[in-house]
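One structure, pasted below without further comment.
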Amino acid sequence: MTTEILIAGFGGQGVLSLGKILAHAAVMEGREVSWLPSYGPEQRGGTCNVTVVISDERISSPIVDSYDIVITLNQQSLSKFEQRVKPRGILIFDRYGMVDLPKRTDINMYAISAVETAHAEDVDKMLSMVVAGALLSISPIVKPESLLAALQSVLPAHKHDLLPTNERAFNLGAQCVVAKEH
Amino acid sequence: MESEVRLMKGNEALAHAAIRYGVDAYFGYPITPQSEIIETLMAQRPWQSTGMTVMQVESEVSAIHMVYGAAATGKRAMTSSSGPGISLMQGGISYLCGANLPCLIVNVMRGGPGLGTIQPSQADYYQAVKGGGHGDYKLFTLAPSSVQEMADFVSVAFDWAFRNCNPAMILADGTIGQMMEKVVLPPARPRLTDDEIAHKYPWAIDGARHSRIGSNRIASLELDAAVMEQRNCERQHKYELAEQNDARAEATLTADAEVLIVAFGSAARICAKAVDLARAEGLKLGLLRPITLWPFPSAYLREAAEHARGILCVELNAGQMIDDVRIAVESRILVEHYGRLGGAVFTPTEIVSAAKNIFKL
């Protein structure tokens, strides 16, 4: 099985990091992985995205037309990538600040409140882990224990004191799935 | 630990592979999309482990000439850059070829011309394989299409360069440099000692340590035209042997291919998916991926295209490798180009559509 995933949002929201943690988790499970960032002059406040492909087979292209799962954390990304979800695929969007909501009826759409939850729970800097928790509660593409192990391997040792807070942020994720739209 | 599976960027894998291969010196100047090469080398501090020199120098012109100096002493020297920097190096590359010196030059291509853009491109094909500098010379040019190949090709390039006393190039692009994939790094080995270098490379200059047999002289200058012609003939003979023996390619589903796609590097990855999509629709597409761009794998291509009625050459440029494809098949098969330019990248379905439209599939 191959799962093609896009994560998009503002630079600084942890979009690339979430992709990286997912990729590491998949490698820990012995699967094939590609991680391709929208590298460029992006910076905090600009938009950025990352394509992660996880597969049981050798991955042909790291660049794909459409995605099994799209996760968006800002309006620009939601508007840009709604049409790139495969039919019957999954669109997960953070509802904070969204004005133009997605309209497709041939996909599974989930609104999440990760940004608000992260802020209310004082884990703003671990937003990506809240989103990860929401993602895995919707689609278990990797095991939660793999994801947390991956986080430990990605975080430099001097930041390992933040692991419990990250785990708390991750556990908040499942509760912030506010609505399944279709 | 040696065969541990890691997840890293193509640029990072290449830097780690260089340290493990026992490279003696890296000279370079940062430029996107390959700056992780020098960043990784600096972070790894190989001068503390293998004794490798890593220097960020003031310009690409300095970098290539420091490579020249180090290579002249029989050391394994390398540099890396992207198009704008590689253009600045062309004089030095020509001199290295003229002086018959081995080295590795890595170009992680970005959109051009000029400063262009930092997004991926394959528009430096001509520069790499048709001689970007002056004179009759060739670079052994490898086109990696995965992070694993970014690591593996360091040794392939250096081995060829030292066997043939000629520079080699790894021609990647922004996608291969920036993407992360699984990679198994090659085993680490020590750098050669000065005595080993003196023994293996008797041409190397060593400060006339062995002065009773005279000192070596390395230069590209030779004012006697007869001697110069002879040197050139020897170089061309070396290239002919490489063309006979050293070309590499990977063929996928070519045996029954009605339309053969030819693509290298990251474009070949996207085309591999296009072939899968087309096959699912019952369209007989196949893929030939040149791994060496020089020597161009002409014989592999002719074999792969044996039953094809058309060839689609897919490149992230305006059509450069297509010249070599046409020469290889001696224009007996219709060869068409599909490409995107200036940092834009095609998708797999875009390539299937192009194949359908062009060849009326």
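The values are calculated or read from the model by the stated rules, or taken from the named source; none is laboratory data. Keep in mind that this is a model prediction, so the values were computed, not measured. Note: ideal-geometry Cβ built from the backbone for every residue, glycine included; neighbour counts use all protein chains shown. Ligands, DNA and RNA are stripped out before the accessible areas are found, and what is left, the full protein with its side chains, is counted by its heavy atoms. Shrake-Rupley method; radii C 1.70, N 1.55, O 1.52, S 1.80 Å.
Which lysines, on any chain, are close to A:Lys103 with Cα under 24 Å apart, when same-chain ones fewer than 8 places away are left out?
Hits, sequence-local ones excluded: A:Lys80, A:Lys86, A:Lys180.
A further question on this structure: Mind ranking B:170-179, B:236-245 by how tightly packed they are, going by the mean number of other C-beta atoms within 10 angstrom, highest first? The partial results should precede the final answer.
Details: B:170-179: 29.4, B:236-245: 13.5.
Per-residue mean Cβ counts within 10 Å order the peptides as B:170-179, B:236-245.
How long are the three semi-axes of the equivalent ellipsoid of chain A, in whole Å, if each is the root of 5 times an eigenvalue of the C-alpha gyration tensor, listed from largest down?
On the way: eigenvalues 97, 82, 49 Å².
In descending order, the three semi-axes are 22, 20, 16 Å.
Right, next: Could you tell me the calculated FRET efficiency between A:Glu57 and B:Glu240, based on Cβ-Cβ distance and R0 = 30 angstrom, to the nearest 0.05? Intermediate values should be presented prior to the final figure.
On the way: r = 40 Å, r/R0 = 1.35.
About 0.15, to the nearest 0.05.
In whole percent, and with a 1.4 Å probe on the protein chains, what portion of the accessible area of the stretch B:278-339 is carbon and sulfur? Each step should come with its number before you reach the end.
Numbers: 1170 of 2500 Å².
Roughly 47 percent, rounded to a whole number.
What are the trypsin sites (Lys or Arg not before Pro) within the stretch B:135-225 that DSSP puts in a loop, where the Cβ has at most 15 other Cβ atoms within 10 Å? Please list the in-between numbers first.
Working: sites: B:Lys138, B:Arg163, B:Lys182, B:Arg191, B:Lys200, B:Arg209, B:Arg212, B:Arg217; in loops: B:Lys138, B:Arg191, B:Arg209, B:Arg217.
Sites meeting the loop and neighbour criteria: B:Arg209, B:Arg217.
Ranked highest first by average number of other Cβ atoms within 10 Å, how do A:80-86, A:62-68 line up?
Values: A:80-86: 17.4, A:62-68: 21.0.
The most tightly packed comes first, giving A:62-68, A:80-86.
Using alpha-carbon pairs under 8 Å, 6+ residues apart, how would you state the relative contact order of the stretch B:249-359 in percent?
Details: 206 pairs, mean separation 34.0, N = 111.
Once normalised by length, the contact order is 31 percent.
Now, a different point. Could you work out Rg/(2.2 N^0.38 Å) for the stretch A:83-182, with Rg from alpha carbons only? Mind showing how you got there, number by number?
On the way: Rg = 14.5 Å, N = 100, 2.2 N^0.38 = 12.7 Å.
The value comes to 1.15.
Roughly to the nearest percent, how much of the accessible area of the stretch A:2-180 is carbon and sulfur, given a 1.4 Å probe? Please report the intermediate quantities before stating the final value.
Working: 3930 of 7800 Å².
Using a 1.4 Å probe with all protein chains present, the stretch A:2-180 comes out at 50 percent carbon and sulfur.
Below 8 Å, C-alpha to C-alpha, sequence gap of six or more: please give me the relative contact order for the stretch A:2-180 in percent.
Reported relative contact order: 23 percent.
Calculate for the protein assembly as shown the 222 nm mean residue ellipticity that helices alone would give, adding -39,500 (n - 2.57) per DSSP H run of length 4 or more and normalising by residue count, nearest 500 deg cm²/dmol. Mind showing how you got there, number by number?
Values: 21 runs with 215 residues, N = 543.
Here the helix-only value at 222 nm equals -11500 deg cm²/dmol.
Any idea how many Lys pairs in chain B come in under 23 angstrom at the alpha carbon, given 8 or more places apart or on separate chains?
Lysine pair count for chain B: 15.
Going by the alpha-carbon gyration tensor, a ≥ b ≥ c the square roots of its eigenvalues, is the stretch B:249-359 rounded (a/c under 1.5) or, if a/c is not under 1.5, prolate (a/b greater than b/c) versus oblate? Don't skip to the answer; put the middle values down first.
Numbers: a/c = 1.45, a/b = 1.08, b/c = 1.34.
Rounded, because the longest to shortest axis ratio a/c is under 1.5.
Same structure again: Calculate one ³J(HN,Hα) per residue across the stretch B:83-93 by plugging θ = phi - 60° into the Karplus curve 6.51 cos²θ - 1.76 cosθ + 1.60, and present them in order as whole Hz with x for glycine and proline.
x, x, x, 5, 4, 5, 7, 4, x, x, 5
Rounded to the nearest 100 Å², what's the accessible area chains B and A bury against each other, both chains counted, probe 1.4 Å? Don't skip to the answer; put the middle values down first.
Details: alone 15270 and 9140 Å², together 22420 Å².
Buried surface at the B/A interface: approximately 2000 Å².
What do you get for Rg/Rh of the protein assembly as shown when both radii come from the Cα atoms and Rh is the Kirkwood radius? Mind dumping the intermediate values first?
Numbers: Rg = 25.1 Å, Rh = 24.8 Å.
On the Cα set of the protein assembly as shown, Rg over Rh gives 1.01.
How much of the accessible area of the stretch B:196-254, in percent, comes from carbon and sulfur atoms when a 1.4 Å probe is used? Walk me through the numbers on the way to the answer.
Working: 2160 of 4230 Å².
Its accessible area is 51 percent carbon and sulfur atoms.
Kindly report the accessible area of the protein assembly as shown per residue (heavy atoms of protein chains, probe 1.4 Å, no ligands, DNA or RNA), in Å². Working shown, then result.
Working: 22420 Å² over 543 residues.
Per-residue accessible area for the protein assembly as shown comes out at 41 Å².
What are the ³J(HN,Hα) couplings of the stretch A:134-147, residue after residue, when phi is run through the Karplus curve with 6.51, -1.76, 1.60 and θ = phi - 60°? Round to Hz, x for glycine and proline.
Those phi angles translate into 5, 4, 6, 6, 8, 9, x, 5, 9, 6, x, 5, 5, 5 Hz.
Let me know the Kirkwood hydrodynamic radius for the stretch A:56-119, please, with Cα pairs as the basis and the value in Å to one decimal.
Numbers: mean 1/r = 0.0793 Å⁻¹.
Result for the stretch A:56-119 stands at 12.6 Å.
Sticking with this one: Place the peptides B:83-93, B:218-228, B:47-57 in order of packing, highest mean first, counting for every residue the other Cβ atoms within 10 Å and averaging per peptide. Please list the in-between numbers first.
Details: B:83-93: 20.5, B:218-228: 10.7, B:47-57: 15.5.
Result, highest mean first: B:83-93, B:47-57, B:218-228.
Here's something else I'd like to know. Just tell me how shielded B:338-347 is by partners: mean number of partner chain Cβ atoms within 10 Å of each residue's Cβ, no decimals. Spell out each step's value before the answer.
On the way: counts 0, 0, 0, 0, 0, 1, 0, 1, 2, 5.
Mean shielding by partner chains, rounded to a whole number: 1.
So if I take the alpha carbon set of chain B, get Rg, then get Rh from the Kirkwood formula, what is the Rg over Rh ratio? Spell out each step's value before the answer.
Details: Rg = 20.8 Å, Rh = 21.0 Å.
Checking Rg against Rh, the ratio lands at 0.99.
Something else now. Under 5 Å between amide H atoms, partner at least 5 residues away or on a different chain: which partners does B:Leu334 have, H built in plane at 1.01 Å?
B:Ile311
Follow-up question, since we're still on this one. Using only alpha carbon pairs under 8 Å that are at least six residues apart, calculate the relative contact order of chain B and give it in whole percent.
On the way: 795 pairs, mean separation 67.3, N = 361.
It comes to 19 percent, rounded to a whole number.
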